[in-house]
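FYI, it's all coordinate maths here, none of it is from the lab. In this text, all values refer to a predicted model and were calculated from it rather than measured experimentally. Cβ placement follows ideal geometry from the backbone for every residue including glycine, while neighbour counts extend to all protein chains displayed.
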Amino acid sequence: MEILLVTHKLQKIVEKYCTRAIDVVNDSELVLSSTLEFLQNIKPSVDSIFITDDALSTSMEQIRSDLNNLIRWLIANQQSNVKILILTRDIRKDIEMENLISRYPNLQIKTFEYIRITPGLFREALEQLSDTKQKFKHETKPHENKNHSKNIDKKGSFLDRFKPKPKAPPELQATDSLTRELDKVSRGISRIVAITGHSGCGITSTTINVASEASKRGLSVLIVDLDIEYRSTNMYFSSFHERTKRDEDINASLIRTLARPQDYLTTAYHLKENMWLTGLGYSFSDRKLMEQFYTSSKLVGLLSLLRNKFNLILLDLPMNSLDQFREALIHIDSFGLCIPNNLYAVLSTLKNVEESLDKENAAYLNAKSKVIVTKYNDRSRFQGDIFTPDRVSAVTASGLLESFTYEMKVAGHVSYDTDFDSQIETDVPLVHSNKDHERAYGNILLRLLEGSS
């Protein structure tokens with residue numbers, strides 16, 4: 001089978017999953033906008049075309065135009081049997097391209113929920129394209145069901161009113177307590193939560209996983225990465241990182257969103273259906289813009305305007321940035337204070353609080369915080385006893401810092417796991433890796449949504 005790969009930077013990766021029965025037509029990387037020109041110049045024999053998100057324009061109108069021109073050329077050159085498969089994370093593309101699919105049945109949109117395309121998805125797509133006997137199947141939509149209109153037009157009999165009404169199917173109930181509790185959370189809820197702590201204690205990992213769990217539970221989420229020093233969300237979301245390298249607007253997403261929060265639909269990066277991210281790309285370095293927009297007043301404006309647009313706004317807010325945003329602290333409903341369960345981490349946290357905030361703001365942070373014990377080690381001890389999450393919270397607020405003496409509840413703990421680094425390698429947050437992490441971050445989410453009361 002002769003296949004044309006329109007996968008941009010994924011070319012070499014996709015080639016690895018091509019079997020001996022598959023011959024790749026193009027040696028160089030292609031994007032959709034240049035595909036027609038390639039076919040016109042080279043005129044290769046092609047059985048199928050495989051397209052991924054990386055090769056698509058950021059404009060849906062441009063994508064439709066490019067595809068329309070490609071399909072017209074295939075039909076005009078008696079190649080209407082060529083299969084076109086688009087593998088995308090954007091579920092809207094299936095709807096947006098409905099007319100093209102109806103005109104060209106060999107076009108199929110295949111969506112997936114993962115942040116990055118997995119090896120299994122590559123293999124499945126290539127197998128589907130290489131099966132020359134099997135045609136693409138398109139699901140019949142309700143409005144296309146011929147029997148549907150007949151059922152509507154059919155009038156009921158006079159005697160139907162005397163027939164016993166069918167019993168309603170029993171409502172499905174959640175079997176675990178966490179799901180039952182999260183299902184009680186109002187879909188009209190609006191919370192602003194900041195995840196903070198000293199450097200290296202797992203702030204970004206916690207932010208990403210709590211956001212992913214909230215999104216999975218049906219809540220709309222905006223992640224605001226205020227860590228302009230490390231910008232670690234680039235490592236957890238490679239699609240965002242890749243986009244920042246070719247789109248200057250997304251590279252400056254945080255600055256643009258702080259400047260015009262009302263335009264968040266275009267300034268923030270859409271990770272998936274109900275989850276958004278705004279941060280900076282690694283290459284953004286305009287100091288003047290940072291000084292102008294990376295300020296407490298701009299963050300207050302963003303939070304005030306977007307509070308009612310999302311169920312949850314999650315701030316990745318390192319402790320050394322707290323002082324810079326002290327005017328915004330009062331707009332934050334609760335803080336998730338990340339502290340590993342060892343004495344060094346507790347002391348480092350308090351030292352950071354003392355250096356970053358005055359006594360009044362330190363006391364406010366203390367009163368609004370819930371402790372998240374990160375990298376939990378069940379062998380760690382303090383004064384001869386196991387250093388449990390409750391003890392971590394108690395020791396932190398025991399008076400070691402004069403302005404930090406309010407008792408803090410524990411939002412939860414996350415055990416140390418060797419899979420932590422795999423999040424960066426695979427783009428799959430820990431909440432999607434196993435039930436233990438799903439439960440851990442689910443409980444943390446629930447406690448943070450409750451606020452600090």
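Worth pointing out:
- Ranked by the mean number of other Cβ atoms within 10 Å of their residues, highest first, the peptides 16-23, 119-126 come out as 119-126, 16-23.
- Simple label model, 7 Å out from Cα along Cβ direction - Asn81 to Val300, nm: 6.9 nm
- Restricting the calculation to Cα atoms, every distinct pair contributes to the Kirkwood radius of the range 2-130, found to be 14.7 Å.
- Remark on the chain: Rg and Dmax equal 26.2, 81 Å (Cα only).
- Options Thr266, Thr405, Ser356, ranked by Cα towards positive dipole end of the chain, top entry (Cβ charges): Thr266
- Peptides ranked, highest mean first, by Cβ atoms within 10 Å: ranges 39-46, 251-258, 352-359: 251-258, 352-359, 39-46
- The simple Förster model, with R0 at 41 Å and r as the Cβ-Cβ distance, assigns Arg379 and Glu327 a FRET efficiency of 0.45.
- Separation of alpha-carbon centers, the range 217-261 and the range 43-113, rounded to whole Å: 28 Å
- Distance-filtered residues of the range 264-280 - backbone nitrogen under 18 Å, label point 7 angstrom along Arg92 Cα→Cβ: 264-278
- Gain on full stretching of the segment that runs from Asp131 to Leu347 - 0.36 nm per residue minus C-alpha separation: 71.6 nm
- Pair Glu61, Glu402: separation of 7 Å Cα→Cβ label points (nm): 6.3 nm
- Peptides ranked, highest mean first, by Cβ atoms within 10 Å: ranges 92-98, 200-206: 200-206, 92-98
- Estimated from helical segments only, the mean residue ellipticity of the chain at 222 nm is -11500 deg cm²/dmol, where each DSSP H run of four or more residues counts as -39500 (n - 2.57).
- Convex hull per residue volume in Å³, alpha carbons only, for the range 218-321: 97 Å³
- Extension gain, Asn99 back to Phe420 (0.36 nm per residue minus Cα-Cα distance, nm): 111.2 nm
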